[in-house]
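Q: The structure that follows is given in the form of structure tokens.
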């Protein structure tokens with residue numbers, strides 16, 4: 001199992017801050033599974049959306065492998081000013 005966290009507008013749009021899911025091979029597979037839920041999930045994780053992600057608190061990309069017990073976080077890009 002992996003723990004998936006959603007931050008900022010993602011948390012608001014998906015109406016959840018976290019969940020536990022079965023382990024998948026990599027982040028790309030996880031995104032495909034989340035998008036397959038349809039509705040807001042398909043919109044939030046659509047190809048045209050820019051979402052940052054981390055695995056075990058380290059920045060990651062879609063090719064990043066996942067293992068049982070990992071913590072995945074999704075969040076929008078952060079800007080400063």
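Since every read-out is calculated from the coordinates, none of them should be taken as a lab result. Note that the coordinates shown come from a computational prediction; the quantities given were computed from them, not determined experimentally. Cβ placement follows ideal geometry from the backbone for every residue including glycine, while neighbour counts extend to all protein chains displayed.
Q: Identify all residues within the stretch 17-44 that are under 18 Å from residue 70 (Cβ atoms) and free of Cβ contacts under 8 Å to residues at least 40 places away in the same chain; write none if there are none.
A: Applying the first criterion (under 18 Å from residue 70 (Cβ atoms)) to the stretch 17-44 yields 17-34.
Listed by number, the residues that qualify are 17, 18, 19, 20, 21, 22, 28, 29, 31, 32, 33, 34.
Q: Which of (1) in contact with a strand residue (DSSP E or B) (Cβ under 9 Å, 6 or more places away or on another chain); (2) within 18 Å of residue 63 (Cα to Cα) does residue 32 not meet, given it meets every other one?
A: With respect to (1) in contact with a strand residue (DSSP E or B) (Cβ under 9 Å, 6 or more places away or on another chain); (2) within 18 Å of residue 63 (Cα to Cα), residue 32 is out only on (1).
Q: Scan the stretch 45-63 for residues that are touching a helix residue (DSSP H, G or I) at 6+ places or on another chain (Cβ under 9 Å), under 23 Å from residue 13 (Cβ atoms) and in contact (Cβ under 8 Å) with a residue 12 or more places away in the chain and jot them down.
A: 45, 51, 53, 55, 60, 61, 62
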